[in-house]
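Please treat every number below as a calculation from the coordinates, not as lab data. Quick caveat, the model's predicted, so the values are computed rather than measured. For neighbour counting, all protein chains shown are included, and Cβ atoms are generated from backbone atoms with ideal geometry for every residue, glycine included.
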Amino acid sequence: MSEKKKTIAIFSAIYLPHIGGVENYTYHIAKELSRAGLRVLVITLSPNIEALQKVYDPSGFEVLRFPCRAHMGGRYPIAKQPRSIRTYLLNEKIDFIAVNTRFYMLSLLAVSIAKAKGIVPIVIDHGSAHLTLGNPILDRALAGFEHLITAQLKRYPARYFGVSEKSSKWLGHFNIQSCGVLTNSIDADEYAQSATSRNYRTEFNIDQSEFIVVFVGRLIPEKGVTQLIDPAKREPDMQFFIAGEGPLERDLKKVAPSNVHFLGKLKSVDIAALFLQGDIFCLPTRSEGFATSLLEASACGIASLITDVGGVKELILDDSYGTVLPDAEPDTIASALERLANNPEKLASQSKNVRLRTQEVFAWEKTSSAIIKACEDAQES
């Protein structure tokens, strides 16, 4: 008789169709773990349902959506009936549990379920700084809440990992010993080849000679999108494309000059097309585990101008792979953009080098294999 498949439950409080790095990470590891022969359950929350929804993803795994209430503009979902989640999963055959991020109440529920089932879970951290809402008082409260949730989490046995070296080190801020890195990744060739034929230069009547700066991310304070407005005013001959949506959108549109183009929320295939047509990707972000958008840009062969957060220096080893900003001040960004726009040979070399490194080092198959080993090792600890 053949051995039954091992089952892994991946907890991710926020999941597709919501767009973000954690959601992307969850989808791809679920897909790869399924390919590797595991039965995969993605446990997530949805504000638009009243009862459990089971969906079978075409990539070979199951998604279990439980009802929730959405807080912080949808960024912090809390399960409506945590006991029903616990009861349901205690009756499921589960061999391994992986938890994406410490910050959510669902993560706390996940480690308690793991303990009840005699499983040592792995917790994968995706940050490298406290979250911010752009308000000092609220930010302090949010940091305090994160410490409180983490203290509760630490009461349960678990092994902790980061998605980058910086994310791994950030765990030390909470007196947690990291067990290593389970890096964010990308199917580089597949992503670049997925690009649509959408032509942004034609659509916005932009000449081939004009320099295009690309920003992709949620329009929230910690992504640094507001830092691009002054550089856009200072460099009227450059065109700035901002792809994403969020609470800052209305205010940004009020102050942005005419060379800033807001694209809203784009499909992944349209983002790939944007990267392929841009000259540089600029992300002056405050906090990342390992920015998915950085990997996507690199897969498409566009050089990056980015702050030193998360896994940036694991991909951009030195200035032959991209440009790391010393800070996210508008003057610093504007000066760097001007310098790079005047050095197309440097940009071309960076683009080529970072694409090759992305192809060779950051592959989902490698990350999923590392996750399987981490789960197996956790049960032996």
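Work out the P(r) tail for the range 323-379: percent of alpha carbon pairs separated by more than 13 Å, whole number.
Considering the range 323-379, 72 percent of its Cα-Cα pairs are separated by more than 13 Å.
Add +1 for every Lys or Arg and -1 for every Asp or Glu among the other residues with Cβ under 11 Å from the Cβ of residue 55, and state the total.
0
My understanding is that a pair violates if its Cα-Cα distance is over 20 Å; which of 154/373; 4/115; 5/31; 4/373; 31/80; 80/115 do that in this structure?
Cα-Cα > 20 Å for 154/373; 4/115; 31/80; 80/115; rest within.
List the aspartates and glutamates whose alpha-carbon lies under 19 Å from that of residue 54, not counting same-chain residues fewer than 8 positions away?
Candidates past the 8-residue exclusion: 23, 62, 92.
Work out from phi, with θ = phi - 60° and the Karplus expression 6.51 cos²θ - 1.76 cosθ + 1.60, the ³J(HN,Hα) of each residue of the range 4-13, listed in order in whole Hz, and give x for Gly and Pro.
Karplus-based 3J(HN,Hα) across the range 4-13 equals 5, 4, 6, 10, 10, 9, 10, 8, 9, 4 Hz.
Only residues of the range 112-132 count here: report those whose backbone N is under 13 Å from the spot 7 Å along Cα→Cβ of residue 147, or say none.
What the label zone holds, given the 13 Å backbone N cut-off, is 130.
To the nearest Å, what is the center-to-center distance of the range 54-125 and the range 268-315, using C-alpha atoms only?
If you average the Cα positions of each part, the centres end up 29 Å apart.
Taking a cut-off of 22 Å between Cα atoms, list the lysines near residue 223, but don't count ones fewer than 8 places away on the same chain.
166, 169, 233, 253, 254, 265, 267, 313
Considering the chain as a Gaussian network with a 10 Å cut-off on Cα pairs, which listed residue, 149, 43, 124, attains the greatest mean-square fluctuation?
Ranking 149, 43, 124 by mean-square fluctuation puts 149 first.
Give me Rg/Rg_expected for the chain, where Rg uses Cα atoms only and Rg_expected = 2.2 N^0.38 Å with N residues.
For the chain, the normalised Cα radius of gyration is 1.00.
How much length, in nm to one decimal, is gained on full extension between residue 320 and residue 245, taken as 0.36 nm per residue of separation minus their Cα-Cα distance?
23.8 nm
Mean residue ellipticity at 222 nm from the helices of the chain, using -39,500 (n - 2.57) per DSSP H segment of n ≥ 4 over the full residue count, to the nearest 500 deg cm²/dmol?
Helices in the chain give a 222 nm mean residue ellipticity of -12000 deg cm²/dmol.
Which of these, 188, 370, 116, has the largest mean-square fluctuation under a Gaussian network model of the chain (Cα springs below 10 Å)?
Per the Cα network of the chain with a 10 Å cutoff, 116 tops the list.
How long is the gain from residue 269 to residue 198 if the chain were fully straight, where each residue apart is worth 0.36 nm and the alpha carbon distance is subtracted?
Stretched out fully, the residue 269 to residue 198 stretch lengthens by 24.6 nm.
Extension gain residue 70-residue 138, at 0.36 nm per residue separation less the Cα-Cα distance, in nm?
22.7 nm
State the Cα centre-to-centre distance between the range 137-186 and the range 7-40 in whole Å.
19 Å
Please state the equivalent ellipsoid semi-axes for the range 177-243: what are the square roots of 5 times the Cα gyration tensor eigenvalues, largest first, in whole Å?
After diagonalising the Cα gyration tensor, the semi-axes are 29, 21, 9 Å.
According to the square roots a ≥ b ≥ c of the eigenvalues of the Cα gyration tensor, what is the shape class of the range 188-361, taking rounded for a/c under 1.5, prolate for a/b larger than b/c otherwise, and oblate for the remainder?
In terms of gyration-tensor shape, rounded.
Hey, in the GNM for the chain with a 10 angstrom Cα cutoff, which one of 271, 78, 206 fluctuates hardest?
206
Assuming a ≥ b ≥ c are the square roots of the Cα gyration tensor eigenvalues, decide whether the range 16-72 counts as rounded (a/c under 1.5), prolate (otherwise, with a/b larger than b/c) or oblate.
Verdict is oblate for the range 16-72.
Starting from the 7 Å offset along Cα-to-Cβ, what nm value, one decimal, do you get for the label separation of residue 35 and residue 359?
Going from the residue 35 label point to the residue 359 one covers 1.7 nm.
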